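J.: The structure follows.
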Amino acid sequence: MARELIALCGLAFSGKSTIARRVASALGAELVSLDAINAARGFDGGAAIDDAEWERTSLMAAATARAVLASGRSVVVDDTFSHRFLRRRFAAVAQASGAPFVLLFVDTPLAVIEARIADNARSGARDHIAPEVFAHHRARFEFPGEDEHPVRLGSAEDLDLWLAGRGGASVPA
């Protein structure tokens with residue numbers, strides 16, 4: 001399969017990281033996680049992070065994606081891509097590398113997300129997100145427009161169908 005840049009987009013706790021791992025595994029692509037970059041930089045993604053620091057993290061991820069594409073491999077970028085300018089940035093990285101840009105929008109109902117956040121607050125199974133951080137994130141989130149040609153994933157079946165249509169085997173969750 002030709003190299004490409006696949007970007008995961010969706011609200012926090014929508015399931016993007018799980019899907020990103022499945023897509024990267026199924027397609028043999030490299031995974032770039034902005035949460036992992038932030039953690040390596042010493043930031044807690046569930047707490048408020050200054051916009052300037054998020055910008056640095058995004059630029060680091062873009063540089064990594066550019067290098068992966070230059071090596072001839074595909075890359076899956078795991079981020080909320082909550083702003084259109086961020087999606088445009090990574091689309092430009094793909095275009096400059098001569099690679100297609102695919103935007104996967106994880107369209108999870110808000111009630112499901114809120115239940116996941118509440119369950120996680122009790123279990124601590126993954127990094128937390130402070131209520132005020134999620135509220136700020138949700139209020140500023142710019143959902144992808146049809147002009148961005150997002151692939152909407154509303155269920156595991158949607159992902160399986162998308163992968164099957166690309167020749168990628170279904171990978172268990």
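The values are calculated or read from the model by the stated rules, or taken from the named source; none is laboratory data. Keep in mind that this is a model prediction, so the values were computed, not measured. Note: ideal-geometry Cβ built from the backbone for every residue, glycine included; neighbour counts use all protein chains shown.
J.: With respect to ALA62, is the statement that it is hydrophobic (A, V, I, L, M, F, W, C), over 29 Å from ALA111 (Cβ atoms) and modelled with pLDDT under 95 true?
T.: no
J.: Which residue pairs have Cβ atoms closer than 6 Å, lie 6 or more positions apart in sequence or on different chains, and pair a first residue in the stretch 12-36 that is among the hydroxyl-bearing types (Ser, Thr, Tyr) with a second residue that is buried (at least 21 other Cβ atoms within 10 Å of the Cβ) and not in a helix (DSSP H, G or I)?
T.: Short answer, once both residue conditions are applied: SER14/VAL106; SER17/ASP78; SER33/ASP78.
J.: SER71: of a type in the set (Gly, Ala, Ser), surrounded by fewer than 21 Cβ atoms within 10 Å (Cβ to Cβ) and in contact (Cβ under 8 Å) with a residue 60 or more places away in the chain, yes or no?
T.: Here the answer is no, as SER71 does not meet what is asked.
J.: Another one. Within the stretch 50-64, how many residues are over 24 Å from GLY145 (Cβ atoms) and either hydroxyl-bearing (Ser, Thr, Tyr) or assigned to a loop (DSSP other than H, G, I, E, B) (or both)?
T.: 3
J.: Give me the helices (runs of 4 or more DSSP H) completely within the stretch 65-160, filtered to those with at least 1 residues that are farther than 19 Å from SER33 by Cβ and at pLDDT below 95, ordered by residue number.
T.: In the stretch 65-160, 110-123, 131-140 are the helices (runs of 4 or more DSSP H) which contain 1 or more residues that are farther than 19 Å from SER33 by Cβ and at pLDDT below 95.
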